[in-house]
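So the structure is just underneath, and the comments pick up after that.
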Amino acid sequence: MRTPEVRDYVVDKLDRILNPKSVAVIGASREKGKIGHSVVDNLKGEFPGEVYPINPNAERILGFKAYSTVNEVPDPVDLAIVVVPAKIVPSVIDDCVEKDVGGIVIITSGFSEVGNEELEDRIVKKCREAKIPMIGPNVVGVVSTFNNLNASFIGEPPIPGKISLVTQSGALGIALSSWTRMKQIGLSSLESIGNMADVGFNEVIKYLAEQDDNTEVIALYLEGLKAGREFVEICKEASKNTPIVTLKAGRSQRGKAATQSHTGSLAGSMEIYKAGFRQSGVIQVADLEALFNISLALAHQPPMKGDNVLVITNGGGAGILSSDAAEKYGIPLRETPQDLKKKMRDYMPDFGSAHNPVDITGQAREENYKGAIRDALNSPNVDGVAVLWCHTAFTDAKELAKMIYEATEEAEGSNKPVAVTFIGGESAEEGTTWLKKKGIPAYDTPEKTMAALGALRDYGRFLERK
Ligand code: ACO
């Protein structure tokens, strides 16, 4: 069915989907192991709103009173989650229309992704006539961490944070929820939009950028767009306040064919997508890890105003790798500014190097890093700092993490981005986790750190052009 232009009622009512006071689960199951059971289970406990399981064959489900149809619920229903088999979906949509629910999310599969366009079009028509936004079908559901809403069958919900993940792939939504949790990367919300039969990327992006105070960065897993020109316009506007990072899937010939059967999307020409992303300030990344690594940096660090990055390292090799990566990500590593060279000498032995990358050597202690980072950030000729650390026997990752944080606090007025690499084992990982919790993006390779700073520079450039 044709995708209409962005509709105001959809953007407004998305708030009832992501910030609901009441949720009905239509197809709530009594049987553990069924999707309709997990969704109710996920709404038990922390979600502060009302939960209404809908099942004509049940009295109670997981302690909640069950209703035969959504119409029997005595109070208004903000969000209706649909988990009945495809052939029953049209009739439950009729009930939702009669009840005038705020929004609908259809988890059920078996629509355009398997060639069943006719059934999909029928339900879309019903929703559009009633002006009720519909997300799906063929999705895992929606999550909003700030509302303790897990209206999905995701087992391990994400931890709260500033990134909103909008994904066409539901399974990736499930997996990335656990992965981001393990990596201590917080999400504000997760929208699985599947077949995008009614609501697509454009309206969700507009809502998140304009109406959701918890979202600082929008991360997209995108297979294909239904309204490409409008996407460019929406993103151009949204990106002024909320950076958008995209992983475009279906880049190869086989990948393109796979998107068609996965969510019924047309992958399209990569060149056209690239041009559109460039025009609209959308930052394109190559893989899933980069999607979150880059989003993490954009969520917590200021855009970089120039491209003078100073690298501070205790290892020459790590410094060289960062130089190679800098070039790849569009950062021309320049010589250390004169005003800084002398200051940097205070933090290194005679055999260190004040050239960029500044090598404070393997005998550098935590406080040497602190001083060097603080001075670099305070220099008017530095726009951003990359900190690299290779685990040495006499430095402690956690202690160093604290020193890095303190240095950024002491140079707070500088408003310049910092990104960190800790190369080592478990304690290095603990150090990066600690830094991430403090809002400092920290990674395990110089390449990832430079990619993050490159993206902060790209976003800075986009804002300057605007
Ligand atoms: N209204 C409300 N509930 C009803 C109705 C009705 N009109 N009719 C039946 N029900 C109840 C059933 O009695 C059942 O409850 P029970 O188990 O207590 O008896 C419940 O609804 C579910 O119905 P089932 O027929 O048991 O359906 P089932 O749970 O097996 O499957 C489902 C439904 C999950 C929607 C399935 O059809 C489906 O689409 N699965 C795929 C979902 C999916 O993967 N989505 C994409 C995610 S993205 C990814 O890639 C992971």
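Structure values in brief
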quantity: Filter pass, I132 being in a loop (DSSP other than H, G, I, E, B), closer than 19 Å to M196 by Cα, touching a strand residue (DSSP E or B) at 6+ places or on another chain (Cβ under 7 Å) and among the aliphatic types (A, V, I, L, M); calculated: yes
quantity: Condition met for A58 (touching a Leu at 6+ places or on another chain (Cβ under 9 Å), open to solvent by less than 50 Å² (accessible area, probe 1.4 Å), within 14 Å of the ligand (Cβ to nearest atom) and not β-branched (V, I, T)); calculated: no
quantity: Filtered residue count, the range 387-443, keeping only those that are within 13 Å of K370 (Cα to Cα), of a type in the set (G, A, S) and not in a helix (DSSP H, G or I); calculated: 1
quantity: Qualifying positions in the range 109-122 - among the aliphatic types (A, V, I, L, M) and more than 29 Å from the chain's Cα centre (by Cα); calculated: L119
quantity: Exclusive hit being free of Cβ contacts under 8 Å to residues at least 40 places away in the same chain and surrounded by 16 or more Cβ atoms within 10 Å (Cβ to Cβ), set S109, S164, S144, S152; calculated: S109
quantity: Residues that are of a type outside the set (F, W, Y) and over 16 Å from D375 (Cα atoms), drawn from the range 339-352; calculated: P349, D350, G352
quantity: Odd one out for R122 among (1) open to solvent by 20 Å² or more (accessible area, probe 1.4 Å); (2) within 13 Å of the ligand (Cβ to nearest atom); calculated: (2)
quantity: Search result, residues across the range 420-462 that are free of Cβ contacts under 8 Å to residues at least 60 places away in the same chain, aromatic (F, W, Y) and open to solvent by less than 10 Å² (accessible area, probe 1.4 Å); calculated: F422
quantity: Residue check for P137: within 16 Å of the ligand (Cβ to nearest atom), touching a residue at least 40 places away in the same chain (Cβ under 8 Å) and surrounded by 24 or more Cβ atoms within 10 Å (Cβ to Cβ); calculated: yes
quantity: Count - residues of the range 95-119 that are of a type in the set (D, E, K, R), within 16 Å of the ligand (Cβ to nearest atom) and under 17 Å from V70 (Cα atoms); calculated: 3
quantity: Pair list, Cβ under 8 Å, 6 or more apart: the range 115-132 residue under 13 Å from P90 (Cα atoms), other residue open to solvent by 60 Å² or more (accessible area, probe 1.4 Å) and in a helix (DSSP H, G or I); calculated: L119/K87; K126/D94
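Results for (1) away from the ligand (no atom under 11 Å from the Cβ); (2) open to solvent by less than 10 Å² (accessible area, probe 1.4 Å); (3) modelled with pLDDT of 95 or more, shown as yes or no for each residue.
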residue	(1), (2), (3)
A24	no, yes, yes
G33	no, no, yes
V40	no, yes, yes
K65	yes, no, yes
V70	no, yes, yes
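The values are calculated or read from the model by the stated rules, or taken from the named source; none is laboratory data. The structure presented is a predicted model; accordingly, all values stated were derived computationally and were not measured. Here Cβ is always computed from backbone atoms with ideal geometry, including for glycine, and neighbour counts include all displayed protein chains. The accessibility values were calculated without ligands, DNA or RNA, using every heavy atom of the protein model including side chains. Shrake-Rupley method; radii C 1.70, N 1.55, O 1.52, S 1.80 Å.
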